[in-house]
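Trainee: Structure below; questions to follow.
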Number of protein chains: 2
Amino acid sequence: MSQGLSTTSYALLGLLAFDGAPTSLTGYELKQRADRTLRFYWVSPAMSQVYSELERLAGLDLVTASSEQTGRRKSRRYQITPAGLEELQSWLTSSTADFPTLKHPAALRLLMGHLIPPERMRGLMQDYLDQLTRRRAELSEVRTMLGDREAVRYPAMVADWGLGYYDSETRIVTELMQRLPG
Amino acid sequence: MSQGLSTTSYALLGLLAFDGAPTSLTGYELKQRADRTLRFYWVSPAMSQVYSELERLAGLDLVTASSEQTGRRKSRRYQITPAGLEELQSWLTSSTADFPTLKHPAALRLLMGHLIPPERMRGLMQDYLDQLTRRRAELSEVRTMLGDREAVRYPAMVADWGLGYYDSETRIVTELMQRLPG
DNA sequence: TGTAGCATGTAAGCCGTTACATGATTGA
DNA sequence: TCAATCATGTAACGGCTTACATGCTACA
């Protein structure tokens, strides 16, 4: 029922709800999971934010926190609660999803193309193509790890979405480069 | 030289540098211009942010502000300075563009597809397709306004980029929907 | 006469980042 | 023994949004 959660909170909650049998994760592990999934479609929250979000969720009883002491080292593990799962499901079904927000520095620069020499603009676009190649390789690795297991059907679909997006960007930018003057 | 500008500051500065002969715009007009261009690739800053950014830029002498008094009504017009143009150009050429940031609520929901019934998930994807259609129509209108005038060659390229992106999203999501169970 | 749009701001607050601080464990 | 990685936080701050306040102008 708690309305005041940010989308990133729900995203982290979702990562905790990933495994069939509820697993408990440390903030550190959760961050790693975010870097393999969320990063491509949402954000990669800073470690500090992961910890503070987890504590907030714990305060709302959407996750339980258990302090462990392995040897002399303390660590906290978090696990989604039934209430947390319910909250997450009701968010998924009740709320309407906003249109995606895109912050595209390369497109922004192209918009101001008239201010710099065309060769320079071509260089910027080439940089973006290179970045795309690297990103695609990273995501492709994730996709390979997922395979075609039924359990990760949805993550695999989202990964394919991302790969399709990167391919489309590559195609579009390549075409645009041919329209640059000079 | 001033390093401390945000990308949004540069974006607004860029909008002020759009016309061949430096025009002066009010905050209100600048916001409208942003809604026709920046919105699709960067952000649509809130009015309050537009005003505060403009004042900051004025403080750095990157724009000049002139107060006008039409009748009993005061309004401020802003114009880019030579220093502002130089700063903008040096940002364009010297800085490396970050990889785009995508916040994609629909993809985030698909990631957690296993938590809700497939019909519900299909509904969410259909909602996104509808949003895409509307957005595409908006951008298409902008693109039509631009035509093929040499003066707006770059904005036209960016608009085509956006249209290509929306088309690619539509294609990808349509295919993904067929992979949903049930 | 009243409502929609034009126009300009201030204040509060959230989200998220960077920088900083601290310490344990693993392995080269 | 030193560096990398694991692990957990706090503090400060920036960017951006929402809510609020104000008043004019055009027009139905």
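Trainee: Since A:THR96 meets every condition but one in (1) surrounded by fewer than 16 Cβ atoms within 10 Å (Cβ to Cβ); (2) closer than 30 Å to B:THR170 by Cα; (3) within 11 Å of DNA strand D (Cβ to nearest atom), which condition does it not meet?
Mentor: So the condition that A:THR96 fails would be (3).
Trainee: Only one residue in A:THR101, A:THR93, A:THR26, A:THR7 is free of Cβ contacts under 8 Å to residues at least 40 places away in the same chain and in contact with a strand residue (DSSP E or B) (Cβ under 6 Å, 6 or more places away or on another chain). Which one?
Mentor: On the way: A:THR93 fails: in contact with a strand residue (DSSP E or B) (Cβ under 6 Å, 6 or more places away or on another chain); A:THR26 fails: free of Cβ contacts under 8 Å to residues at least 40 places away in the same chain; A:THR7 fails: in contact with a strand residue (DSSP E or B) (Cβ under 6 Å, 6 or more places away or on another chain).
Only one candidate passes the filter, namely A:THR101.
Trainee: Quick one: count up the residues across the stretch A:13-38 that are within 12 Å of DNA strand C (Cβ to nearest atom), touching a helix residue (DSSP H, G or I) at 6+ places or on another chain (Cβ under 8 Å) and charged (D, E, K, R).
Mentor: Looking only at that region, the number is 1.
Trainee: Next question, about the same structure. Suppose the filter is in contact with a Gly (Cβ under 8 Å, 6 or more places away or on another chain) and either under 30 Å from B:ARG153 (Cβ atoms) or within 16 Å of DNA strand C (Cβ to nearest atom) (or both); does A:MET121 pass it?
Mentor: Numbers: in contact with a Gly (Cβ under 8 Å, 6 or more places away or on another chain): yes; either under 30 Å from B:ARG153 (Cβ atoms) or within 16 Å of DNA strand C (Cβ to nearest atom) (or both): yes.
Against the criterion (in contact with a Gly (Cβ under 8 Å, 6 or more places away or on another chain) and either under 30 Å from B:ARG153 (Cβ atoms) or within 16 Å of DNA strand C (Cβ to nearest atom) (or both)), A:MET121 qualifies.
Trainee: Look at B:LEU124 and say whether it is at pLDDT 95 or above, facing chain A (nearest Cβ under 7 Å), surrounded by 15 or more Cβ atoms within 10 Å (Cβ to Cβ) and in contact with a helix residue (DSSP H, G or I) (Cβ under 7 Å, 6 or more places away or on another chain).
Mentor: Working: at pLDDT 95 or above: yes; facing chain A (nearest Cβ under 7 Å): yes; surrounded by 15 or more Cβ atoms within 10 Å (Cβ to Cβ): yes; in contact with a helix residue (DSSP H, G or I) (Cβ under 7 Å, 6 or more places away or on another chain): yes.
Judged against the criteria, B:LEU124 is a match.
Each row is one residue, and each column tells you yes or no for (1) surrounded by fewer than 15 Cβ atoms within 10 Å (Cβ to Cβ); (2) in contact with a Cys (Cβ under 9 Å, 6 or more places away or on another chain); (3) of a type outside the set (S, T, N, Q); (4) closer than 25 Å to B:ALA21 by Cα.
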{"site": "B:SER66", "(1), (2), (3), (4)": "yes, no, no, yes"}
{"site": "B:SER75", "(1), (2), (3), (4)": "yes, no, no, yes"}
{"site": "B:LEU102", "(1), (2), (3), (4)": "no, no, yes, no"}
{"site": "B:GLU119", "(1), (2), (3), (4)": "yes, no, yes, no"}
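Trainee: B:LYS74 fails exactly one of the following numbered conditions: (1) within 23 Å of the chain's Cα centre (by Cα); (2) more than 10 Å from every other protein chain (Cβ to nearest Cβ); (3) among the charged types (D, E, K, R). What is the number of that condition?
Mentor: The one condition B:LYS74 does not meet is (1).
Trainee: Something else: Does A:TYR51 satisfy the condition of being touching a strand residue (DSSP E or B) at 6+ places or on another chain (Cβ under 9 Å), in a helix (DSSP H, G or I), away from chain B (no Cβ under 13 Å) and within 12 Å of DNA strand D (Cβ to nearest atom)? First the steps, then the outcome.
Mentor: Working: touching a strand residue (DSSP E or B) at 6+ places or on another chain (Cβ under 9 Å): yes; in a helix (DSSP H, G or I): yes; away from chain B (no Cβ under 13 Å): yes; within 12 Å of DNA strand D (Cβ to nearest atom): yes.
Yes; evaluated as a whole, the condition is true for this residue.
Trainee: Would you pick out the residues in the stretch B:8-20 that are surrounded by fewer than 17 Cβ atoms within 10 Å (Cβ to Cβ) and not in a loop (DSSP other than H, G, I, E, B)?
Mentor: Restricting attention to the stretch B:8-20, the residues satisfying the condition of being surrounded by fewer than 17 Cβ atoms within 10 Å (Cβ to Cβ) are B:19-20.
Hits for the stretch B:8-20: nothing passes.
Trainee: In addition: Picking from A:TYR41, A:TYR51, A:TYR78, A:TYR10, which residue would you name as being more than 22 Å from A:VAL152 (Cα to Cα), touching a helix residue (DSSP H, G or I) at 6+ places or on another chain (Cβ under 6 Å) and either away from DNA strand C (no atom under 13 Å from the Cβ) or not charged (D, E, K, R) (or both)?
Mentor: Values: A:TYR41 fails: more than 22 Å from A:VAL152 (Cα to Cα); A:TYR78 fails: more than 22 Å from A:VAL152 (Cα to Cα); A:TYR10 fails: more than 22 Å from A:VAL152 (Cα to Cα).
From the options A:TYR41, A:TYR51, A:TYR78, A:TYR10, the qualifying one is A:TYR51.
Trainee: Can I ask one more? Would you confirm whether any residue within the stretch A:74-97 is among the β-branched types (Val, Ile, Thr) and in a helix (DSSP H, G or I)? Spell out how you get there, then give the answer.
Mentor: The first filter runs over the stretch A:74-97 and keeps only residues among the β-branched types (Val, Ile, Thr), leaving A:80-81, A:93, A:96.
Of the ones still in play, those that are also in a helix (DSSP H, G or I) are A:93.
Yes; the residues of the stretch A:74-97 include at least one that is among the β-branched types (Val, Ile, Thr) and in a helix (DSSP H, G or I).
Matching residues to (1) part of a helix (DSSP H, G or I); (2) within 14 Å of DNA strand D (Cβ to nearest atom); (3) in contact (Cβ under 8 Å) with a residue 40 or more places away in the chain; (4) in contact with a strand residue (DSSP E or B) (Cβ under 7 Å, 6 or more places away or on another chain):
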| position | (1), (2), (3), (4) |
| --- | --- |
| A:PRO22 | no, no, yes, yes |
| A:ARG39 | yes, no, no, no |
| A:ARG56 | yes, yes, yes, no |
| A:GLU68 | no, yes, no, yes |
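Trainee: Also, I was wondering about something else. Does B:LYS103 meet the test of being over 22 Å from A:MET121 (Cβ atoms) and either modelled with pLDDT of 95 or more or assigned by TED's automatic domain parsing to the domain that holds B:ARG122 (or both)? Can you show your working first?
Mentor: On the way: over 22 Å from A:MET121 (Cβ atoms): yes; either modelled with pLDDT of 95 or more or assigned by TED's automatic domain parsing to the domain that holds B:ARG122 (or both): yes.
When the stated conditions are applied, B:LYS103 passes them.
Trainee: May I ask you to list the residues in the stretch A:81-120 that are among the hydrophobic types (A, V, I, L, M, F, W, C) and more than 11 Å from chain B (Cβ to nearest Cβ)? Can you show your working first?
Mentor: Within the stretch A:81-120, the first condition is being among the hydrophobic types (A, V, I, L, M, F, W, C), and the residues that meet it are A:83, A:85, A:88, A:91-92, A:97, A:99, A:102, A:106-108, A:110-112, A:115-116.
Answer for the stretch A:81-120, where residues must be among the hydrophobic types (A, V, I, L, M, F, W, C) and more than 11 Å from chain B (Cβ to nearest Cβ): just A:ALA83.
Trainee: Exactly one of (1) within 11 Å of chain A (Cβ to nearest Cβ); (2) out of contact with any strand residue (DSSP E or B) (no Cβ under 9 Å at 6 or more places or on another chain) is unmet by B:LEU60. Its number?
Mentor: Failed condition: (1).
Trainee: Separate question: Of everything in the stretch B:132-182 that's of a type in the set (Gly, Ala, Ser) and within 11 Å of chain A (Cβ to nearest Cβ), which residue is farthest from B:LEU115 (Cα to Cα)?
Mentor: If we filter the stretch B:132-182 for residues that are of a type in the set (Gly, Ala, Ser), which is where we start, we get B:137, B:140, B:147, B:151, B:156, B:159, B:162, B:164, B:168, B:182.
Retained after the next criterion (residues that are within 11 Å of chain A (Cβ to nearest Cβ)): B:151, B:156, B:159, B:162, B:164, B:168.
Values: B:ALA151: 51, B:ALA156: 42, B:ALA159: 37, B:GLY162: 32, B:GLY164: 32, B:SER168: 27 Å.
In this case the residue turns out to be B:ALA151.
Okay, residues lined up against (1) at the interface with chain A (Cβ under 10 Å from one of its Cβ atoms); (2) more than 24 Å from B:GLU141 (Cα to Cα); (3) at pLDDT 95 or above; (4) more than 11 Å from the chain's Cα centre (by Cα):
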residue	(1), (2), (3), (4)
B:SER2	no, yes, no, yes
B:LEU5	no, yes, no, yes
B:TYR10	yes, yes, yes, yes
B:GLY14	yes, no, yes, yes
B:ALA21	no, yes, no, yes
B:SER24	no, yes, no, yes
B:GLY27	no, no, no, yes
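The values are calculated or read from the model by the stated rules, or taken from the named source; none is laboratory data. Not measured: the values here are computed from a predicted model. FYI the Cβ positions are ideal-geometry reconstructions off the backbone, even for glycines, and counts take in every protein chain you see.
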